[in-house]
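Here the structure is laid out as structure tokens; the discussion comes afterwards.
Coordinate-derived values only; no laboratory data. These figures come from a predicted structure and were not determined experimentally. No Cβ is skipped: glycine too gets one built from the backbone with ideal geometry, and neighbour counts run over all protein chains shown.
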Amino acid sequence: MTDKKETGLDAMAGDGGYQEAYFADVIRTKMKRDNKRFWAGDNISDYLHEGDKDRLIDEATEAFELVLDRLLIDRESDPNSKGTARRLAKMYFNEIMAGRYDPAPDATAFPNDSQDRYEGMLVVRSELRSMCSHHHQPVSGVAYIGIIAAEKLIGLSKYTRIAQWCARRGTLQEELANDIAREIEKATGAENLGVYIQAVHGCCENRGIMAHSSLTQTTVLKGSFKTDPGAKKEFFDNIKLQQEFAPR
Ligand SMILES: [Zn+2]
């Protein structure tokens, strides 16, 4: 983790000793120095503090203006394109890629270690909105998150908050399933868990093969979900029940 004080206005000098032109470059230099990975699906909130996002949005606005100019879109006279660069910058930072810049949702854990602790399976259905990192096209679907309750429990809405936090980045569906499984394991301490995602991809529907109903399924199974056919069956039976109850 970086010393957050260093990212203030007064410290625009990068590690190379030269003056960085953009604040985003100052942060990039620090991440490179720390060997911190900053791929589209990575969270970099440790490198940001209060107010930094606004500065990054200002810089991204300038960059999007340049992209619109290069696309020969008249952002001066076209009333619909006037504020588009800023709208895009804000949308990336605050919405479609918010999971890169915001810290993990607070998922307070409650002890599940009394005599009448819950030992069964818990399956939560979470709506997902994501974006493919190849083309920045929307991915929308549902994640089914199943765990065998361990020593602690988190609030039911937290599963969806964690899944959304992982999804609001540039991802691939395979990577997203792994990310959600890892974060749920961290938050609940459960080693026996499964994540099943069903999603449609703008990538296939809006471009390329232009195929509708581009439904893709990915599954990550850990612990008994992987080794015990009974647990695996119970997980998928629960998913079927949920799909009957709330068809997508
Ligand atoms: Zn794509």
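So which residues in segment 130-159 are away from the ligand (no atom under 16 Å from the Cβ) and either without any contact (Cβ under 8 Å) to a residue 40 or more places away in the chain or of a type in the set (Val, Ile, Thr) (or both), if there are any at all? Steps first, please.
Going through segment 130-159, the residues away from the ligand (no atom under 16 Å from the Cβ) turn out to be 142-159.
Selection gives 142, 145, 147, 148, 154, 156, 157, 159.
Which residues, counting only those in segment 198-248, are away from the ligand (no atom under 16 Å from the Cβ) and touching a residue at least 60 places away in the same chain (Cβ under 8 Å)?
Residues satisfying the conditions are 223, 224, 225, 231, 234, 235, 238, 239, 242, 246, 248.
Picking from 45, 114, which residue would you name as being without any contact (Cβ under 8 Å) to a residue 12 or more places away in the chain, under 30 Å from residue 158 (Cβ atoms) and hydroxyl-bearing (Ser, Thr, Tyr)? Show your work before the answer.
Working: 45 fails: without any contact (Cβ under 8 Å) to a residue 12 or more places away in the chain.
Going through 45, 114 in turn, the sole match is 114.
Could you tell me how many of the residues in segment 77-111 are free of Cβ contacts under 8 Å to residues at least 40 places away in the same chain and closer than 26 Å to residue 218 by Cα? Steps first, please.
The first filter runs over segment 77-111 and keeps only residues free of Cβ contacts under 8 Å to residues at least 40 places away in the same chain, leaving 77-92, 106.
Next cut, closer than 26 Å to residue 218 by Cα only: 92.
The qualifying residues number 1.
Would you mention how many residues in segment 167-176 are among the hydrophobic types (A, V, I, L, M, F, W, C) and surrounded by 23 or more Cβ atoms within 10 Å (Cβ to Cβ)?
Filtering segment 167-176 down to residues among the hydrophobic types (A, V, I, L, M, F, W, C) leaves 167, 172, 176.
Subset that is surrounded by 23 or more Cβ atoms within 10 Å (Cβ to Cβ): 167, 176.
The qualifying residues number 2.
Checking residue 101 against (1) closer than 28 Å to residue 198 by Cβ; (2) more than 16 Å from the ligand (Cβ to nearest atom); (3) surrounded by fewer than 17 Cβ atoms within 10 Å (Cβ to Cβ), only one condition comes out false. Which one?
(3)
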